[in-house]
Every structure is written in C-alpha cells, then in structure tokens.
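The values are calculated or read from the model by the stated rules, or taken from the named source; none is laboratory data. Since the structure is predicted, the reported quantities are computational estimates derived from the model, not experimental observations. So basically every Cβ, Gly included, is an ideal-geometry build from the backbone, and we count neighbours across all protein chains shown.
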C-alpha cells in the first residue's frame, strides 16, 4: 500500500462528514491540512501508511481523508509503557475575522477586529476551554472572554470575542480534560480603533 499514490485531503461538505479521531492513540494526534496525503504524513512522522491505518480504524478508504480531520500518528513505543499522567497540549491559538479569514500580525502582535473569532487546537479532545485576556496596563485584572465545551469531539475550541476599542495585552487559553489541564502561550493582541 505504501507504494500507491494517495489522493490529497478533501474539503468536507459538512462538518459531520469528518470522521471522529480514535478514542485511544498511542502516539500523537495530527490535524490534516489541504495538501496532505497519508503517504506524505507517514513520511513526515517516520511511520508507514499501514501503521497509520492500523491506528485509525475510522479511515475506511486511504484515499478519502478530510481537511481538518484529526488522526492518530502511532509511535514505536511498546504498549506496556505507562501513559503520561497529563499529555494534554495546546497546539495553536489563532485569531480570525467572522468570515474565517486570519487576522493580520504586525510586529508579532495580532491586529484584532471589533468581533474576533479566537480558536485553539489541542493534541487531543478536551472537555472545556477557557479564553482569557490580560491587559498590558499595570495592575489590571485578567478578563474571562469565553468558554467552549465542544472540544471533546474535535480537539478544537473557539469563541467569538466582542473586542473593546483600545484593547491591548495578551490572550491565552486554559483547557482541561478531567484532571489534566494545559495553558497556551500568551499571544500579544491589539485593537486600535
């Protein structure tokens, strides 16, 4: 199978078309991008297409994978090794317009719109994600800007933030799955108008 040419990932027509990731993953989760094929992913992670298919029973046809689909990339670790107590990680924290376009970054600072989608991705599904803004002015209290309880399906959480004019500081997320929690890096943001 690894000698075959596989088709690129396709855009799903509806979100429900994307198969859910496997419940157990001995390795790491990976989100498929538009140019990915199973062969390309296998090469990138040093595994075979067969190993990826064995770790992902939800993939019934290796030529049909979807952009945004989360799959398990297996590792060569023996099964008898204990799973880490808390392996949860925030992979990305990104900002978009209401139409889904990435917001510009100038000098390492995200330029916010009046209404901004804040989206975080994780290495596995999570129960709850909390979004926070910490102003850059001294002695101001960190503000809660949103919560998403739907990341348990996809490993992606988002909120729409009504951003006040003059906002300047950092945004970060904290997410939890049972007693395992992770915090993202702080991302500098500003809304000038």
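Taking segment 122-177 as the search range and keeping residues that are assigned to a helix (DSSP H, G or I) and without any contact (Cβ under 8 Å) to a residue 40 or more places away in the chain, which one is farthest from the chain's Cα centre (by Cα)?
Keep residues of segment 122-177 that are assigned to a helix (DSSP H, G or I), which gives 151-154.
Right, trim to without any contact (Cβ under 8 Å) to a residue 40 or more places away in the chain and you get 151-152.
On the way: 151: 9, 152: 12 Å.
Per the criteria, the residue is 152.
Among the numbered criteria (1) outside any loop (DSSP other than H, G, I, E, B); (2) modelled with pLDDT of 90 or more; (3) within 21 Å of the chain's Cα centre (by Cα); (4) not assigned by TED's automatic domain parsing to the domain that holds residue 185, which single criterion is violated by residue 44?
With (1) outside any loop (DSSP other than H, G, I, E, B); (2) modelled with pLDDT of 90 or more; (3) within 21 Å of the chain's Cα centre (by Cα); (4) not assigned by TED's automatic domain parsing to the domain that holds residue 185 applied to residue 44, the lone miss is (2).
Every residue in segment 22-40 that is over 15 Å from residue 62 (Cα atoms), under 13 Å from the mean Cα position of the chain (by Cα) and either outside the structural domain of residue 66 (by TED's automatic domain parsing) or crowded, with 18+ Cβ neighbours inside 10 Å (or both), please.
Once the filter is applied, which keeps residues that are over 15 Å from residue 62 (Cα atoms), under 13 Å from the mean Cα position of the chain (by Cα) and either outside the structural domain of residue 66 (by TED's automatic domain parsing) or crowded, with 18+ Cβ neighbours inside 10 Å (or both), segment 22-40 yields 29, 30, 31.
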